Amino acid sequence: MNTIREPEKKLKLHLHRRAFHHMNRIKPGMTVRCEDGLVWLTKSRDLQDYMLRPGTSMVVGKRANILIEALSEAEVTIIYPN
């Protein structure tokens, strides 16, 4: 039996230094990947903050709101789960 796989849904962001991007009610499995620059990420109900450098990513494990701040010019890719 053949399985048809949907393409990944991606959002590419260019953030200027000190710019913010806020996302509400993110579903588990979404990935935030830093392509270039340096970004700071915080999730609701999570006491830890995350620093993402080029080539690093974080997978959201629980439904949450997230805030991404660019600490330098940054390129970020958001990958939504299928």
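Out of all the residues in the range 67-79, which are open to solvent by less than 50 Å² (accessible area, probe 1.4 Å) and of a type outside the set (Asp, Glu)? Write out each step before concluding.
So in the range 67-79, the residues open to solvent by less than 50 Å² (accessible area, probe 1.4 Å) come out as 67-70, 72, 74, 76-79.
Within the range 67-79, LEU67, ILE68, ALA70, SER72, ALA74, VAL76, THR77, ILE78, ILE79 meet the criteria.
Show the residue pairs that are 6+ apart or on different chains and have beta-carbon atoms under 9 Å apart, the first residue being within the range 52-66 and touching a residue at least 40 places away in the same chain (Cβ under 8 Å), the second being assigned to a loop (DSSP other than H, G, I, E, B).
Taking only residues 6 or more apart or on different chains, the pairs are ASN65/SER44; ASN65/ARG45; ILE66/MET30; ILE66/SER44; ILE66/VAL60.
The values are calculated or read from the model by the stated rules, or taken from the named source; none is laboratory data. In this text, all values refer to a predicted model and were calculated from it rather than measured experimentally. In this analysis, Cβ positions are derived from the backbone assuming ideal geometry, glycine residues included, and neighbour counts consider all displayed protein chains. Each accessible area value is taken on the protein alone, full model and side chains, heavy atoms only, with ligands, DNA and RNA left out. Shrake-Rupley method; radii C 1.70, N 1.55, O 1.52, S 1.80 Å.
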